[in-house]
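Submitted below is the structure of interest, expressed as structure tokens.
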Amino acid sequence: MKVLLIGSGGREHALVLKLLESPLVDEIWCAPGNGGIAAVAHCVPIKVMDKEGMVNFAKETGIDFVVVAPDDPLAAGMVDAFEEAGIPSFGPRADAAVIEASKVFSKNLMKKYGIPTARYETFEDEEKAVAYLKEQNSYPAVIKADGLALGKGVIIAQDEAEALEAVHEMMSEGKFGASGRRVVIEEFLTGPEVSVLSFTDGHTIVPMISSKDHKRANDNDEGLNTGGMGTIAPNPYYTSQIAAECMEKIFIPTMNAMNAEGRTFKGCLYFGLMLTPNGPKVIEYNCRFGDPETQVVLPLLKTDLMEIMLAIYEDRLGELDIEFSKEAAACVVLASGGYPVSYKSGYEIHGLDDKGQAEGVTVYHAGTKLENGTFYTAGGRVLGVTAVGTDREDSLRKAYAAAEKITFEGVHYRHDIGKIK
């Protein structure tokens, strides 16, 4: 098969490498891709939101199957466009991708179908939002922009001043553009966070191995929120008992709720969970593979990923027996100095071979470019160094040993990924 994968980050590199393991896959094109992907697949300079350009390219190239990885093109109907063109693809249609594209939709869905989540209210009027904050007077408070904001549209306000500033920046100053015109204000939940990606065709839902993301830029969970500075899998807090409870109260009810709404979800449905003293609750849904969770989950997947994607497209996921390794995986993200605020790119990366890899680990490229056989930095999150080991400590030891040997100007990474309090 000829496969087209849409996207350009570390998640996409992880998907490309996993798909290349399949005997069903002959060649992969990636649009637009990055330096690491260019070392193993064909990269095409088509913008991720260019539906017409993507469909035309797929037709001209004789693409057999398309994987749409990022949230923006999914929300904008990229899968719908391929469906209309008669080209098989992986990912939800726009009417189902709304589960991530609108926080208001997803919170209302959970309320309607009794899926456990934080108490909340939604607002389109800044004065009403301010009045609600003053009336509740409960901090920390969580303030979310309704739409997609590159994973950064969530503010945890520690006091009234921070909360009022967040609401004003979103609703009046347009900090997140149209995404912040509506806001969700919800109660602050406490407990360990868990990410669970799942495969679903709308009839069957198969959770993948659990993972734990580390969002803050600096050690000890200090600094600004980022797209993710590292991950481990499995998540040590996610027991088999909790998994069973989530299946019964969250995963299956969500799949059924989307069906009941006439928005059948097919693809990868991501559950961001908080294990609260009152049981697991949903913090957020994503309509696609998480980044950098994918970089630790896919290395542990034993079943052919292309087979799974085809089964989802053909509504026969229930026929597959999906297996994961009993090992552990850890990913350490190497970022540009100054990320997530301001940083410079274009620095040469040292310590990688001609495929952009390093010994004993898999290096997933997020923000790199390949020029004349040399890899350069080209983004905030540059590389994800992933190791698989017998247990968490073993995988972390291998990942950090390799990360220390990879260098570029201003390289920054956390030293406490996988540390359990």
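Filter the helices (runs of 4 or more DSSP H) completely within region 195-297 down to those with at least 2 residues that are closer than 25 Å to Lys326 by Cα.
Hits in region 195-297: 240-246, 294-297.
Additional query: Within region 234-246, is even one residue of a type in the set (S, T, N, Q) and touching a strand residue (DSSP E or B) at 6+ places or on another chain (Cβ under 9 Å)?
Scanning region 234-246, I find at least one residue that is of a type in the set (S, T, N, Q) and touching a strand residue (DSSP E or B) at 6+ places or on another chain (Cβ under 9 Å), so the answer is yes.
Of everything in region 29-40, what is buried (at least 23 other Cβ atoms within 10 Å of the Cβ) and among the hydrophobic types (A, V, I, L, M, F, W, C)? Give them in sequence order.
Those that are buried (at least 23 other Cβ atoms within 10 Å of the Cβ) and among the hydrophobic types (A, V, I, L, M, F, W, C): Cys30, Ala31, Ile37.
Moving on to the next point. In the list Leu24, Leu74, which residue meets the criterion of being in contact with an Asp or Glu (Cβ under 9 Å, 6 or more places away or on another chain), open to solvent by 50 Å² or more (accessible area, probe 1.4 Å) and more than 23 Å from Met229 (Cβ to Cβ)?
Selected residue: Leu24, the only one of Leu24, Leu74 that is in contact with an Asp or Glu (Cβ under 9 Å, 6 or more places away or on another chain), open to solvent by 50 Å² or more (accessible area, probe 1.4 Å) and more than 23 Å from Met229 (Cβ to Cβ).
Quick check, is Ile28 assigned to a helix (DSSP H, G or I), in contact with a strand residue (DSSP E or B) (Cβ under 6 Å, 6 or more places away or on another chain) and closer than 22 Å to Val297 by Cβ?
no
What are the residues in region 104-130 that are part of a helix (DSSP H, G or I) and open to solvent by less than 30 Å² (accessible area, probe 1.4 Å), if any?
Those that are part of a helix (DSSP H, G or I) and open to solvent by less than 30 Å² (accessible area, probe 1.4 Å): Val104, Ser106, Lys107, Leu109, Met110, Ala129.
Next question. For region 338-376, how many residues are acidic (Asp, Glu) and in contact with a helix residue (DSSP H, G or I) (Cβ under 9 Å, 6 or more places away or on another chain)?
Number satisfying all stated conditions: 2.
List every residue pair whose Cβ atoms sit under 7 Å apart, with the two residues 6 or more apart in sequence or on different chains, where the first one lies in region 398-421 and is in contact (Cβ under 8 Å) with a residue 60 or more places away in the chain and the second, anywhere, is in a helix (DSSP H, G or I) and of a type in the set (A, V, I, L, M).
Going by the 7 Å Cβ cut-off, the qualifying pairs are Tyr413/Ala403; Ile417/Leu396; Gly418/Leu396.
For residues that are charged (D, E, K, R), open to solvent by less than 40 Å² (accessible area, probe 1.4 Å) and touching a strand residue (DSSP E or B) at 6+ places or on another chain (Cβ under 6 Å), scanning just region 254-304, find the one that is nearest to Pro73 (Cα to Cα).
Filtering region 254-304 for residues that are charged (D, E, K, R), open to solvent by less than 40 Å² (accessible area, probe 1.4 Å) and touching a strand residue (DSSP E or B) at 6+ places or on another chain (Cβ under 6 Å), the one nearest to Pro73 (Cα to Cα) comes out as Arg288.
The values are calculated or read from the model by the stated rules, or taken from the named source; none is laboratory data. No experiment lies behind these values; they were computed from the predicted model shown. No Cβ is skipped: glycine too gets one built from the backbone with ideal geometry, and neighbour counts run over all protein chains shown. To get the accessible areas, we keep the full protein, side chains included, count just its heavy atoms, and leave off ligands, DNA and RNA. Shrake-Rupley method; radii C 1.70, N 1.55, O 1.52, S 1.80 Å.
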